[in-house]
Amino acid sequence: MRVVSNVTCPVCGSLCDDIELIVENNHVTKVRNACAVGEAKFLAFADPKHRRVKPLIRKNGELVEASLDEAIRRTAKILAEASYPLLYGWSCTSTEAIRVGLELAEEVGGVADNTSTVCHGPSILSIQNVGFSSCTLGQIRHRADLVIYWGCNPWSAHPRHLERYTTFTEGRFQKSIWIRYLTKLRALIGKKKAQRAAELASPRKEVISKPERTFSLPPTLTAKQRKMIVVDVRKTRSAEIADYFLQVKPNMDYELLQALRMLVFDRELDLDEVAGIPIELLEEVTDVMVGCRFGILFFGLGLTMSSAKVRNIDAGISLVRDLNKKTKFTIMPMRGHFNVTGANVAFTWQTGYPYAVDFSQGFPQYNPGETSAVDILARGDSDAALIVASDPVAHFPKRAVKNLVENPLIVIDPQVTPTSLMADIVIPSAFVGIEAEGTAYRMDRVPLPLKKVVEPPATCLPDEVILQRILKEVRKLKGGKAA
Amino acid sequence: MTSLLIKNGFVFDPLNGVKGEKMDIAIENGKIVEKINEREAKIIDASGMIVMPGGVDIHSHIAGAKVNSGRLLRPEDHFKDVEPKTPITRSGVGYSIPSTFTTGYRYARMGYTTVMDPAMPPLKARHTHEEFNDTPIIDKAAYPLLGDCWFVLEYLKKNRIEECAAYVAWMLKATKGYAIKIVNPGGLEAWGFGRNVRNIDDPVPNFGITPREIIRGLCKVNKLLNLPHTIHVHTNNLGKPGNYINTLETMRCVEDLVENGKPAIHITHCQFSAFAGDDWRTFDSGAEAIAKYVNAHSHVTLDMGQIIFTETTTMTADGPFQFILYELSGNKWVNSDVETETSAGIVPFQYKRKSFVHAMQWSIAMELALLIQDPWKIFLTTDHPNAGPFTHYPRVISWLISRKAREKILERINRKAQRKSLVPTIDREYSLYEIAVITRAGQSKALGLKNKGHLGVGADADIAIYNLNPETLDLAQKPKTVRKAFERAAYTIKDGNITVKNGEVVSTPSGRTFWVNVEAPQAEIEISKKLQQKFGEYYTVKYENYPVPEHYLAIPASINVKAEVQ
């Protein structure tokens, strides 16, 4: 038995690096510090139910086991012969692998795109429009006295975000609000119990109105403590612990953001409500925002993928930028996959562009909407695809998936996914962050090392090595042609 | 390629006192040697050409978090400037913030072989090194930003210089860094809450220490550790009218720490710190006062930060300054604060000939370079990409070499700036020898790079050959020819390999990454214990995950120094 500490968790963009693993006989048997999602991955990643360890090649419509050499040779041949191959995925692997992937994409004159194309792509377009006032997560821990979560639900999606980086952390200039939260929670539970008792006691089943959360100022807000605001279309777990919850009408985030911008500049709004929220409350929230010492706005796919998309983020970033004229304010996207940020970072340093990079002319070209994966597939332009550490079949629109599976499809992934089941060649790889080391970037672009904790099955190589071998094979094929 | 002989070139090797004499240079196994067997060597005929050591750049933002955010911010910067893939080179894009491969190739094409990235946020050091690994041909190193680290501020506040030195040594090792970079000391910490410090004696909020104490403290630390370079300072109040007084004060504040007249401080991109006047209307040049001071003192080196009239991308760790620039220009603005350590900002910017302030800035940098008599004290930079992309260095060389070229620029700039500029009154024209000093020899000396910047026996065989004949050509009359020659080196030799021929990249070896390894074993153990205790309180990453291991660097080259602390 051995204990491996300070492991970086390869699940979400929070990239918690304090995980402790107990390893016995090359198996993780116990996980400390991780959230439920992280623990599940560490304990069950090797479960044969979602994992194949041998390469597969489709022959006569059936996926049959093959040797790694054959799989790599065939992959190289498909990529080298394709006129416009798509190399997609990258968000769940190391930057080391992504670097090789880009070299491969360049070599075969294909398109390299990563999953931000269907998540925070609009955020990136917005940054390119208006800029970006941000910081690392520690800055929030030490300084932020106002935390806003907009269109995201960290309690469920980034479970340790609150405790490690924001509301519940203890920083140099800012105390945690744990105790306040616990008191509140206890009071809430007490109230519920009393209510249930009352329900049971009353002979007739009267409808006892639940204590609606009204738009009144919670008493804690008068205290000089960290405040939390949640803006969402539904009351999430995160919203329950917030000081303010603004329930925005679906697809009206843009109006709400612009209204806040106007209020920040003391313009009067001749309206009763905006996006379903009374104007008095908005004025109050604006005062909280202007009056804070250091504010942060986290936003998730609720903002990037609802109607208005990129314009939402434009407005969000502009709001934050405007607030900087009055106080200190920052903004940060809640990135999903553990290295989607790293994919953007590595794409950018090699090609100048963060995603949707087209090498077909021999140099990087970037025009999301034209050179992005979904659009290429929907138009039916690509004639082969290499998917690395991603599952587009489960996530792309039907038309795009149709084209994807009709052409040669190669998957490099440690897991069995809908995409790998539809593939022509499957090369199972080692789980980066558990069976292979590498580098990943946290949502605030802080790079962290991924550890190798256990040995991968003998047939599963790291993504980086597989890609290098494919690249070598492609070069051999191309060189042969030239000679 | 094991041996090479460069024959009959006019050699400029200032560190060895060679001033354009015709000589042969012999190379074996990547080093310069006394003699080689001519029959076995590949011969490069350099007759009618000048031979210089490979260029050294002391300050150029080429890699890391901030540079990459700049790339991401500006697709419009890349669209018009692309580098297609060739059988030898990788593809990429320019212009003001080129992708990593392109950066390496473009430096090599100009005959540069060593480049220093001057602003590495320690927490994101890994990122800088990842990009270095993808930056071919050139050798590089990075300066970690240490002037606003909480540990530094706290040690210096308590006047614990030795502990601070141990911490800095630990940081250089952890980040694989090269020198102490100080940016707007105290101002970046204040920027954490949207504030700034006003001058060198304005205390830092919440820490009760002044920028003066930070600069002096780190200067002492630098000396204790025997670091190869001096402290590398971006002054307070950068980019504000009247700041030259603060700059003079900054240089003065370490006067008493000087030993044997050795340099003790490097003021970087001095142009931005040499503004006189009370506001933008009364804006004026403070270059003369600074030049006067520098001429009279031996403990200061500067680099120019020459303005180029073009569209570029400004990026510094000076968050508050970048915010001011955003407010001035209204352009898109990126801010990125790093916990416990530093901040950063990015704003695209266009320097216009017809703008009074921009034209004056052009003049200020020229005045600095022309009024400071000793070329070993001032180096050619554009603070890439802040004052202009590094690809414009040849243009700056042509301005320095030729009065005629300067006059041509002056004719087209803002009238008011024309009247105020001192440049028309200066006759000085740089010689090729002086150019060799400000573009390689001086920089490598200031950096303490023993095997760079010269062509003596034992030096790294990093050599640039330019197709320029000083015997037949009146350089001052032909600035365009000079510029073109320096834009496309006839040959760039890196570690004995021919990497560029006639301005085209012909091979792409990887370059080294230098880092300074301070040997102070006892101090290291003690400090790491203390850091471990505090680390969780200060950072959101684990102590064990913070340092960059050496195997992370493609070709690590540690420079070992012995510290005076044990």
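None of the figures in this text is laboratory data; all of them are computed from the coordinates on show. Keep in mind that this is a model prediction, so the values were computed, not measured. Virtual Cβ from ideal backbone geometry, glycine too; neighbours counted across all protein chains shown.
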*Multiply the residue gap between A:GLU406 and A:LYS249 by 0.36 nm, knock off their C-alpha separation, and tell me the result in nm, one decimal place.*
52.5 nm
_So for each of A:268-278, B:339-349, A:301-311, B:372-382 I average, over its residues, the number of other beta carbons within 10 Å; can you give me the resulting order with the highest mean first?_
B:339-349, B:372-382, A:301-311, A:268-278
*Other chains' Cβ within 10 Å of B:86-94 residues: what's the mean?*
4
*Each label point is 7 Å from the Cα along the Cα-to-Cβ direction; what then is the distance between the points at A:TYR84 and B:ASN517, in nm?*
5.2
*For the protein assembly as shown, with the dipole built from +1 on Lys and Arg beta-carbon atoms and -1 on Asp and Glu ones, taken about the Cα centre, which of B:TRP333, B:ALA179, A:PHE168 lies farthest toward the positive end?*
A:PHE168
_Only Lys, Arg (+1) and Asp, Glu (-1) charged, at Cβ; the protein assembly as shown dipole about Cα centre in debye_ = 840
*What's the average, rounded to a whole number, of partner chain beta-carbon atoms within 10 Å of each residue's beta-carbon in A:138-151?*
3
*In nm, give the distance between the simple-model label positions of B:LYS158 and A:SER156, each being 7 Å from the Cα along the Cα-to-Cβ direction.*
4.8
*Using the per-residue mean of other Cβ atoms lying within 10 Å as a proxy for protection, in what order, highest first, do the peptides B:205-215, B:385-395 fall?*
B:385-395, B:205-215
_Computed magnitude of the charge dipole of chain B (debye, nearest 20; Cβ of K, R +1, Cβ of D, E -1)_ = 1200
*Sorted peptide list for A:27-39, B:106-118, criterion being average Cβ within 10 angstrom, highest first*: B:106-118, A:27-39
_Computed E for A:ARG2/B:ASN560 - FRET, C-beta separation, R0 51 angstrom, nearest 0.05_ = 0.90
*With a 10 Å Cβ neighbour count serving as the proxy for reagent exposure, in which order, fewest first, do B:SER558, A:SER126 appear?*
B:SER558, A:SER126
*Residue-averaged beta-carbon neighbours from other chains (10 angstrom radius) around A:439-445*: 4
_Calculated P(r) tail over 28 Å for chain A, as whole % of Cα pairs_ = 57
*Expressed as a whole number of Å, what is the distance separating the alpha-carbon centroids of the range A:131-156 and the range A:399-471?*
30
*asked:* Return the Rg/Rh ratio of the protein assembly as shown with Cα-based radii and a Kirkwood Rh.
replied: 0.98
*Whole-Hz Karplus ³J(HN,Hα) for the range A:360-377, in order, using 6.51 cos²θ - 1.76 cosθ + 1.60 and θ = phi - 60°, x for Gly and Pro?*
5, 8, x, 9, x, 10, 9, 7, x, x, 10, 9, 8, 3, 4, 5, 4, 5
*Roughly how large, in nm² to one decimal, is the mean projection of the convex hull of the alpha-carbon atoms in the range B:55-447?*
17.4
*Mean residue ellipticity at 222 nm from the helices of the protein assembly as shown, using -39,500 (n - 2.57) per DSSP H segment of n ≥ 4 over the full residue count, to the nearest 500 deg cm²/dmol?*
-10500 deg cm²/dmol
_Could you compute the net charge surrounding A:LYS59? Neighbours are other residues with a C-beta less than 13 Å from the C-beta of A:LYS59; K and R count +1, D and E count -1._
-2
*FRET efficiency, 1/(1 + (r/R0)^6) with R0 60 Å, evaluated for A:HIS395 and B:ARG281 via beta carbons*: 0.55
*For the range B:55-447, share of DSSP beta bridges that run antiparallel, in % to the nearest 5*: 40
*Local charge sum around A:VAL274 (other residues, Cβ-Cβ under 10 Å, Lys/Arg +1, Asp/Glu -1)?*
-2
*Nitroxide proxy distance, nm - points 7 Å out along Cα→Cβ at A:THR183 and B:ARG428*: 6.9
